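Working notes, beginning with the structure itself.
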Amino acid sequence: MAQLRIAMAQVNPTVGDLDGNSRIVVDYARRAHEAGAHLAVFPELMVTGYPVEDLALRNSFVSASVKAVAALAERLAEEGLGELPVGVGYLSRRVGVGERYGQPAGTPQNAFALLYRGRVEITSAKHHLPNYGVFDEFRNFVPGETLPVVRLHGVDVAFAVCEDLWQGGGPVAAARRARAGLLVTLNASPYERDKDNVRMELCQRRAREMGAAVGYVNMSGGQDELIFDGDSLIVDAEGELIARAPKFEEDLFVTDLALPAADDTAAGQEPRSEEPGEAVDGVRVVRHLHSAEPVASYAPDPPVLTPRADPSTDVGDVYRALVVGVRDYARKNGFGSVALALSGGIDSALATTVAVDALGGDRVHVLLLPSKYSSDHSVSDAEDLVKRQGITARTVAIAPIVAAFEESMPLEGLAAENLQARVRGTLLMGLSNQEGHLVLATGNKSELATGYSTLYGDSVGGFAPIKDCWKSLVWELARWRNAEAERTGAVAPIPENSIAKPPSAELRPGQVDTDSLPDYDLLDGLLDAYIGTDKGMRELAIDGYDPELVQRVIRMVDKAEYKRRQYPPGPKISSRNFGRDRRLPITNRWTPRA
């Protein structure tokens, strides 16, 4: 067996910030060098950030990425780090192939580069391009056709990019044929509930298929709707977990591995840099000799094996994802503070608490906007939360403003109720324009699904922290956050009355949500089945839901598509969110009877 110390940098790049992302690589490469690593690897599209979406179709952006990688290799050498091989993801283009029908202009590729001694030593590109869920890679890239296998300190190390591990055949099959001792995959795999164990099980399965260890380095941080949770890991050739990084934080993950020494007799060919033979299963193995001699034997450090909480209680992970989403959306878009309306209800209470945990109480500004229908407890609950969390609060009574509108145009019923929400939204956006805060919308997924929100009212804002959280999950998250505070001896941030009282928009006397909607536990289960798994009316009735209720709820969901299109982005935490995951026509007469 040969030894290899690998450093996997679980970091948080920003899309388009090529200089800033390159600085992250240099910083973490230095730390890897100081830790005695023999190889440092970074996530998918590290240099450009991920996902680049249609930036990939701009030739200027592709050219800038290619130049940035070459410059990064030179800078690493100038900084005294040239002897450390560094693997990075970047945006490249296929060389020697003109544009063809159905291919993006400039034939961009989601690529990998190994940097060494001031130059790009070897490159390849992602073979499997995902085109489902939040991914549009078949639109933006063309596939790669090679698998690089690098002889590194006597070990054959193969490199692949994200989806190449998720799909059978292709690079996985090529790595098995090449008798690689280690497959390293560069990933930008977004968070969703329960996905961490899915990733680990995938790595274990692929390791057993190839008879090789698998190193999985993932991105961390937030990018628009997507949250990258890290959770980088390494499994051995039998699929046993060797090491695992923490979740929802940046980390340099250094692990000592004992790997099979390369055997040219078994492999059937000498290591070489030229491309051998024809492709099998769409992929050619390209071998490259970096260093043939194993490193001198040394005492390995104990691996890092970050413990995981009970997967049956993953609410804490969801909460941390929301915090990361708010923090990075504000930071990466240049907002130093946020503003939101605090009503005393559970949704705005949770959104405020997430914002405080993300940015600090001094950067969270709330408006208390009582109307003539606001209950005494709503005002007192909002004031209680302000005291508990030490945030900046202002109270603006909206009854006189609403009255002024109604004098100009008398309104009644739903139109009058919506006017109150729109006055609140106008005041929030005015505060944002005046003081530069990012406005947070506080609606939940149940409201968004059924259209139980006011367009240009409570839907105003630049980001929506709980957009992908069913109402029933909102209560779970609030209880979890209070329990965490009590566990650590801190003051519970959310007043108990905000959690316990019946939810209400308070747009008319005595109003509660159940006047218009079913009980949320029932509603959320039905919505999740219809939206999350595309079940039709007949299937939902078979599942035990009342057919009349099913018909009413589906009608509400389908009619509200135009509202969802105009709602701010928010952190994706489910397997199907309203946004990149689910794209339906607004003008649509189809009724899902089956």
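If you plug each phi of segment 416-426 into the Karplus form 6.51 cos²θ - 1.76 cosθ + 1.60 with θ = phi - 60°, what whole-Hz ³J(HN,Hα) values come out, in order, with x for Gly and Pro?
5, 4, 5, 4, 4, 5, 6, 5, 4, x, 5
Sorted by packing (mean other beta-carbon atoms within 10 Å per residue), highest first, where do 406-412, 564-570 land? Mind dumping the intermediate values first?
Numbers: 406-412: 9.6, 564-570: 18.9.
Final packing ranking: 564-570, 406-412.
Just the C-alpha atoms of segment 453-508: what Rg/Rh do they give, with Rh taken as the Kirkwood radius? Please list the in-between numbers first.
On the way: Rg = 13.9 Å, Rh = 13.3 Å.
Ratio value, two decimals: 1.04.
Taking θ as phi - 60°, what are the ³J(HN,Hα) couplings along segment 336-352 by the Karplus curve (6.51, -1.76, 1.60), each to the nearest whole Hz, with x for Gly and Pro?
x, 7, 10, 9, 7, 8, 10, 9, x, x, 6, 5, 5, 5, 5, 4, 5
Per residue, what accessible area does segment 320-436 have, given a 1.4 Å probe and all protein chains present, in Å²?
Using a 1.4 Å probe on heavy atoms only, each residue of segment 320-436 averages 45 Å².
For the chain, calculate the relative contact order in percent as a whole number, restricting contacts to Cα pairs under 8 Å that are 6 or more residues apart. Please list the in-between numbers first.
Values: 1284 pairs, mean separation 69.7, N = 594.
Averaging sequence separation for qualifying contacts and normalising by length gives 12 percent for the chain.
Amide H to amide H, which residues 5 or more places from residue 392 or on other chains are under 5 Å from it, using H placed in the peptide plane?
Distant-sequence amide H within range of residue 392: 364, 366.
Amide H to amide H under 5 Å from residue 438: which residues, 5+ apart in sequence or cross-chain, H placed 1.01 Å off N in plane?
When sequence neighbours closer than 5 places are left aside, the close amide H contacts are 337, 338, 339.
Tell me, what is the 1.4 Å probe accessible area of residue 460, in Å² to the nearest 10?
Spelled out: residue 460, probe radius 1.4 Å, area about 30 Å².
Rolling a 1.4 angstrom probe over the protein chains, ignoring ligands and nucleic acids, what is the accessible area of residue 107 in square angstrom, nearest 10?
Around 0 Å² of this residue is reachable by solvent.
List the residues whose amide H sits under 5 Å from the amide H of residue 184, counting only those 5 or more places along or on another chain, with H placed 1.01 Å from N in the peptide plane.
Hits under the 5 Å cutoff: 158, 159, 160, 215.
Given a 1.4 Å probe and every protein chain left where it sits, what share in percent of the accessible area of the chain is carbon and sulfur? Each step should come with its number before you reach the end.
Details: 12180 of 24460 Å².
So the carbon and sulfur contribution to the accessible surface is 50 percent.
Please work out the Cα center distance from segment 195-212 to segment 454-473, rounded to the nearest Å.
Cα centres, segment 195-212 to segment 454-473: 36 Å.
Among the listed pairs 445/559; 445/535; 247/535, which have their C-alpha atoms separated by more than 21 angstrom in this model? All intermediate terms of the calculation are to be shown ahead of the outcome.
Values: 445/559 15 Å; 445/535 18 Å; 247/535 33 Å.
Check vs 21 Å cut-off fails for 247/535.
Just to verify a number: what accessible area does residue 162 come out at with the full protein assembly present, 1.4 Å probe, Å² rounded to tens?
Taking all protein chains as shown, residue 162 has close to 10 Å².
Going highest first, how would you order 414-421, 151-158 by mean Cβ packing within 10 Å?
151-158, 414-421
Cα gyration tensor of segment 528-591, axes a ≥ b ≥ c as square roots of the eigenvalues: rounded (a/c below 1.5), prolate (a/b > b/c) or oblate? Can you show the working numbers first?
Values: a/c = 2.37, a/b = 1.49, b/c = 1.59.
Oblate shape, in that a/c is at least 1.5 and b/c is the bigger or equal ratio.
Could you tell me which label, among (i) 25.2; (ii) 26.0; (iii) 29.9, carries the value of Kirkwood radius over Cα pairs in Å calculated for this structure?
The value computed from this structure is option (ii).
Restricting to Cα pairs below 8 Å that are 6+ residues apart, what does the relative contact order work out to for segment 16-148? Please round to a whole percent. Mind dumping the intermediate values first?
On the way: 254 pairs, mean separation 31.4, N = 133.
Relative contact order of segment 16-148: 24 percent.
Sequence neighbours fewer than 8 away in the same chain don't count; with that in mind, list the lysines whose C-alpha is under 21 Å from residue 387.
By straight Cα distance, residue 387 reaches 501.
Using Cα-Cα distances under 8 Å and only pairs 6 or more residues apart, what relative contact order does segment 296-454 have, in percent?
Details: 171 pairs, mean separation 39.8, N = 159.
Relative contact order comes out at 25 percent.
Where in the chain lies the longest segment free of chymotrypsin sites (Phe, Trp or Tyr not before Pro) that are both loop residues by DSSP (not H, G, I, E, B) and have at most 11 other Cβ atoms within 10 Å? Write down the numbers at each step before the final one.
Working: sites that count: 101, 132, 298, 590.
In short, 299-589.
May I ask for the Rg/Rh ratio of segment 437-585, computed from Cα atoms with Rh as the Kirkwood radius, given to two decimals?
Numbers: Rg = 16.2 Å, Rh = 16.5 Å.
Value, to two decimals: 0.98.
According to the Cα gyration tensor, what semi-axes, each the square root of 5 times an eigenvalue, does the equivalent ellipsoid of segment 198-248 have, listed from largest to smallest in whole Å?
Details: eigenvalues 114, 21, 10 Å².
Working through the eigenvalues yields semi-axes of 24, 10, 7 Å.
Which value at 222 nm does the chain reach when only helices count, each DSSP H run of 4 or more adding -39,500 (n - 2.57), with the total divided by all residues and rounded to the nearest 500 deg cm²/dmol? Working shown, then result.
On the way: 19 runs with 211 residues, N = 594.
Computed ellipticity for the chain at 222 nm equals -11000 deg cm²/dmol.
Which sequence of 136, 328 reflects their accessible areas, 1.4 Å probe, from the largest down? If you can, show how the numbers build up before the last one.
Details: 136 50, 328 0 Å².
Descending order: 136, 328.
The values are calculated or read from the model by the stated rules, or taken from the named source; none is laboratory data. Just so you know, these numbers come straight off a predicted model, no measurement behind them. Virtual Cβ from ideal backbone geometry, glycine too; neighbours counted across all protein chains shown. For the accessible areas, the whole protein counts, side chains as well, though only heavy atoms, and no ligand, DNA or RNA atoms are used. Shrake-Rupley method; radii C 1.70, N 1.55, O 1.52, S 1.80 Å.
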